[in-house]
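Colleague: Sharing a structure here in structure tokens format.
Every number in this text was worked out from the coordinates using simple rules, so none of it is lab data. Keep in mind that this is a model prediction, so the values were computed, not measured. As a convention, Cβ positions derive from the backbone with ideal geometry for all residues, glycine included, and neighbour counts pool all protein chains shown.
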Amino acid sequence: MSLFLIPSPIGNLADITFRAIEILKSVDLILAEDTRTSAVLLNHYQVKKPITPYHQHNEHKILSHLTEQLAAGKTMALLTDAGTPGISDPAFLLVRECIKYNIRVECLPGASAFLPALVNSGLPINNFCFEGFLPLKKGRQTMMKKLAEEERTIVFYESPMRLVKTLNELIQYFGANRQCCISRELTKKFEENERGTLQEIHDHFSAKTVKGEIVIVVGGKN
């Protein structure tokens, strides 16, 4: 009667822990945000366990069924596509339900994109805030204005297709000279960490086609 939250590599498959592999091989069922993505990892480490989809589009529908199975004694592992479950990925609802019914929940330490991006940014890391993905429309302007006054280092996730637009908005609200670091494709072959002012970072990425997973780290207001 246990739910294990298993951080999955954000790029390099070797970044998963020995313990995570042991647990994946021992559970009754693996819940995966995308079964095709998780299958690459599971096949690489010869994990042969039943796997079922668990993502933002079906989590409400199957929540009760999963909780009933866990309460009946089954063990499950939750994998998201990359990083730690619950960090801008599904997990919260299932964890909350498990706690409600006294089902054991254990989250393993492991991969997450925002921590290496934050640490290698060169910006102060003694105090920071993580905002995940900014609102796409409603509340976006209000959030930008609020964060422009934030004195802590700020960490965002962003998609490559929206990166330049977001940098334009950050310049508008934060000022062109605010320090920033963009980490792209962390742990992968073409990893890139671009540091400078928001204007310099904007100019760099405006001149190229942007691909891969993006983490934006912005210095706080002085």
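Colleague: Roughly how many debye, to the nearest 20, is the charge dipole of the stretch 2-107 about its Cα centre, given +1 on each Lys and Arg Cβ, -1 on each Asp and Glu Cβ, and no other charges?
Modeller: Charge dipole, the stretch 2-107, about its Cα centre: 260 debye, nearest 20.
Colleague: Give, in whole angstrom and from largest to smallest, the semi-axes √(5λ) of the equivalent ellipsoid of the stretch 86-172, with λ running over the eigenvalues of the Cα gyration tensor.
Modeller: Values for the stretch 86-172, descending: 28, 17, 13 Å.
Colleague: Could I ask something else about it? Given springs between every Cα pair under 10 Å in a Gaussian network model of the chain, which of Y45, Y101, Y54 has the largest fluctuation?
Modeller: Between Y45, Y101, Y54, it is Y101 that shows the largest mean-square fluctuation.
Colleague: Then there's this: In whole angstrom, how far apart do the alpha carbon centroids of the stretch 1-28 and the stretch 54-124 sit?
Modeller: 12 Å
Colleague: Using the Cα centre of the chain as the reference point, and only Cβ charges (+1 on K/R, -1 on D/E), how large is the resulting charge dipole? Debye, rounded to the nearest 20.
Modeller: 300 debye
Colleague: Hey, another quick one. In the structure shown, do any of K61/K138; K61/K188; K48/K100 have a Cα-Cα gap over 28 Å, and if so which?
Modeller: Violating the 28 Å Cα-Cα cut-off are K61/K188; K48/K100.
Colleague: Take every Cα pair under 8 Å in the stretch 2-107 that's 6+ residues apart, average their separations, divide by the length, and report that relative contact order as a whole percent.
Modeller: So the answer I get is 44 percent.
Colleague: Ratio of alpha-carbon Rg to the 2.2 N^0.38 Å globular estimate for the stretch 114-218, to two decimals, please.
Modeller: The value comes to 0.98.
Colleague: In whole percent, what relative contact order does the chain give with Cα contacts below 8 Å and a gap of six or more residues?
Modeller: 22 percent
Colleague: Where Rh is the Kirkwood radius over the Cα pairs of the chain, the temperature 25 °C and the viscosity 0.890 mPa s, what D in µm²/s does Stokes-Einstein return?
Modeller: Value of D from the Cα-based Kirkwood radius: 131 µm²/s.
Colleague: Provide Rg and Dmax in Å for the stretch 2-107, with only Cα atoms included in the calculation.
Modeller: Cα only, the stretch 2-107: 12.6, 36 Å (Rg, Dmax).
Colleague: Within the stretch 137-222, which trypsin sites (Lys or Arg not before Pro) sit in a loop by DSSP and count at most 10 neighbouring Cβ atoms inside 10 Å?
Modeller: For trypsin sites (Lys or Arg not before Pro) across the stretch 137-222 that sit outside H, G, I, E and B with at most 10 neighbouring Cβ atoms in 10 Å, the list reads K137, K138, K189, K208.
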